[in-house]
Amino acid sequence: MVGYFDNKNKEYIITDMRPRRPLENYLWNEEFLSNVNHFGFGESFLRLPGNSRRQLFTETEATRLVYIKDCDTKEFYDANRNYQNKDFDNYNCCVGIGYHKITSEYKNIKTEFVITVPAKANAELWQIKVINTGESKRDLSVVSYSRPDANVTQHWAYGHADFEEDLGGLYFCHDAFNVDHD
């Protein structure tokens, strides 16, 4: 069984971490679209003039990852897609209206990774919550990772990113010569 419908919360809950094929969800507004599978992988697109969509994030096996490292034992794993194939103690993926939430628990560390696309923004937002469900104190390192491709022309050298204090996050831009859009 892959999952079930939760009519009360209007969600589909994916309970099988390894279904026969990726299960996909689409989050969007009028300007931005994110394709997200049950691990959180997939492409995101930004609408540009002319009603076409351009790829903003590339689809690779390394998109939208949350790494957890126990600083005492030096053990690490990927909270939304365990590449080391260690079975999680608990795993589910809630596909809701306007959001996608991947929950996993491994060795008393519960991680909730929520992906949303705001109603009026050219953005994809991530919220990562890490909860120690055990009795002992833990020293953890949490790192999120994505591989953005903010290129909107054929000139790769013009794309760059930086941390933007006012936004409280990363800002990707493409400053090509004579481009007819922001």
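The values are calculated or read from the model by the stated rules, or taken from the named source; none is laboratory data. None of the values given here were measured: they were computed from a predicted structure. Virtual Cβ from ideal backbone geometry, glycine too; neighbours counted across all protein chains shown. When the accessible area is computed, the model is the full protein with side chains, heavy atoms only, and any ligands, DNA or RNA have been set aside. Shrake-Rupley method; radii C 1.70, N 1.55, O 1.52, S 1.80 Å.
Let me spell it out: the conditions are (1) open to solvent by less than 30 Å² (accessible area, probe 1.4 Å); (2) assigned to a loop (DSSP other than H, G, I, E, B); (3) at pLDDT 85 or above; (4) of a type outside the set (Val, Ile, Thr), and residue 34 meets all of them except one. Which number is the exception? With respect to (1) open to solvent by less than 30 Å² (accessible area, probe 1.4 Å); (2) assigned to a loop (DSSP other than H, G, I, E, B); (3) at pLDDT 85 or above; (4) of a type outside the set (Val, Ile, Thr), residue 34 is out only on (2). Cβ-Cβ distances below 7 Å connect the following pairs, each with a first residue in segment 125-138 that is closer than 24 Å to residue 35 by Cα, a second residue that is acidic (Asp, Glu), and a separation of six or more residues or different chains: 129/112. For segment 90-132, the strands (runs of 3 or more DSSP E) that sit wholly inside it and include 3 or more residues that are farther than 19 Å from residue 16 by Cβ are 109-116, 125-132.
Evaluated against (1) more than 29 Å from residue 134 (Cα to Cα); (2) at pLDDT 90 or above; (3) of a type in the set (Ser, Thr, Tyr); (4) crowded, with 17+ Cβ neighbours inside 10 Å, residue 26 falls short on exactly one condition, (4).
Give segment 38-53 a look and list any residue that's part of a loop (DSSP other than H, G, I, E, B) and either at positive phi or at pLDDT below 75 (or both), or say none. Break it down into steps so the answer makes sense when it comes.
Looking only at segment 38-53, we keep the residues that are part of a loop (DSSP other than H, G, I, E, B), and these are 38-43, 49-51.
Listed by number, the residues that qualify are 40, 42, 49, 50, 51.
Quick check: anything in segment 76-92 acidic (Asp, Glu) and modelled with pLDDT of 90 or more? Checked against the condition, which is being acidic (Asp, Glu) and modelled with pLDDT of 90 or more, segment 76-92 yields at least one hit. Residues that are outside any loop (DSSP other than H, G, I, E, B), of a type outside the set (Val, Ile, Thr) and surrounded by 12 or more Cβ atoms within 10 Å (Cβ to Cβ) were ranked within segment 133-160; the one that is modelled with the highest pLDDT is 140. Do we find that residue 179 is at pLDDT 95 or above and out of contact with any His (no Cβ under 8 Å at 6 or more places or on another chain) in this structure? It is false that residue 179 is at pLDDT 95 or above and out of contact with any His (no Cβ under 8 Å at 6 or more places or on another chain). Being surrounded by fewer than 14 Cβ atoms within 10 Å (Cβ to Cβ) and either under 16 Å from the mean Cα position of the chain (by Cα) or basic (Lys, Arg) (or both) holds for only one residue in 110, 74, and it is 74. The combined condition, being open to solvent by 10 Å² or more (accessible area, probe 1.4 Å) and without any contact (Cβ under 8 Å) to a residue 12 or more places away in the chain, is fulfilled by residue 85.
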